[in-house]
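Reviewing the structure listed below.
Here, each number is a calculation from the coordinates, and none is a lab measurement. Just so it is clear, the structure is predicted and the values come from calculations on it, not from any experiment. Backbone-built Cβ (ideal geometry, glycine too); neighbour counts: all protein chains shown.
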Amino acid sequence: MQAEQIQNASTDAVAETQPSVFSSQFRVYYEDTDAGGIVYHTNYLKFCERTRTDFVREVLGYSQQKHLQEDKQGFVLAKLRANFMSSAKLEDLLTVTCVPFHLTRARLEMYQEIKNEQGKLLFAMCSTLAFVDGKTGRPLSIPEEFKQKLVPHVWTQDPQMFC
């Protein structure tokens with residue numbers, strides 16, 4: 001899909017009919033860039049991971065630390081589809097969104113995008129997170145308490161068209 005099509009179909013276009021979008025902001029520091037002042041590609045994934053973690057902690061009130069240490073259970077990345085449309089640069093202020101859009105017994109799918117201060121879409125990705133037993137690595141059912149907190153935030157529109 002072309003970058004301009006993705007920009008036109010971003011979460012802004014459907015936000016009025018969906019649950020609110022969680023977002024975080026990050027300033028691009030020198031350590032985030034390559035020698036040319038362009039954000040290194042893996043750092044987009046780090047920004048998205050931080051935003052997903054904040055969504056789970058702040059919106060859902062779910063302690064990943066507790067479940068990892070006490071229950072030896074947690075989410076792991078099972079699948080990732082990413083589109084790099086444009087580069088973020090040193091000192092840019094980035095807004096990273098997090099939208100859950102599909103929930104099954106043991107998996108959660110999230111759509112995320114990164115925009116600069118001008119609202120230009122730089123990066124978009126869809127990730128599939130699997131809930132697993134930390135000892136065996138086998139899938140487990142997502143705890144019912146987590147699902148109940150998550151359901152009001154799950155979008156009904158499938159953002160597959162974005163990724």
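Here are a few things to note about the model shown:
- Ordering Asp92, Asp54 by the number of other Cβ atoms within 10 Å of each residue's own Cβ, fewest first, gives Asp54, Asp92.
- Largest to smallest principal axis extent of the C-alpha atoms in the range 3-156, angstrom: 44, 37, 24
- Distance (nanometres) between label positions extended 7 Å along Cα→Cβ at Arg50 and Lys66: 2.5
- Taking label points 7 Å from Cα along the Cα-to-Cβ direction, Arg27 and Asp133 give a separation of 4.7 nm.
- Near the amide H of Thr33, within less than 5 Å, lie the amide hydrogens of Tyr40, all on another chain or at least 5 residues away, with H placed in the peptide plane.
- Exceedance of the 23 Å cut-off in Cα-Cα distance is limited, within the set Lys66/Lys115; Lys46/Lys89; Lys72/Lys147, to Lys66/Lys115.
- Fewest-first ordering of Ile114, Ile142, Ile38 by other beta carbons within 10 Å of each residue's beta carbon gives Ile38, Ile142, Ile114.
- Summing charges over all other residues whose Cβ lies under 14 Å from the Cβ of Leu129, with Lys and Arg as +1 and Asp and Glu as -1, gives +4.
- Taken one residue at a time, the phi angles of the range 19-34 give Karplus couplings (6.51, -1.76, 1.60, θ = phi - 60°) of x, 4, 9, 7, 9, 10, 10, 9, 8, 7, 9, 3, 5, 7, 10, 8 Hz. Gly and Pro are set to x.
- Using a simple spin-label model with pseudo-atoms 7 Å out from Cα toward Cβ, Thr42 and Glu144 lie 4.1 nm apart.
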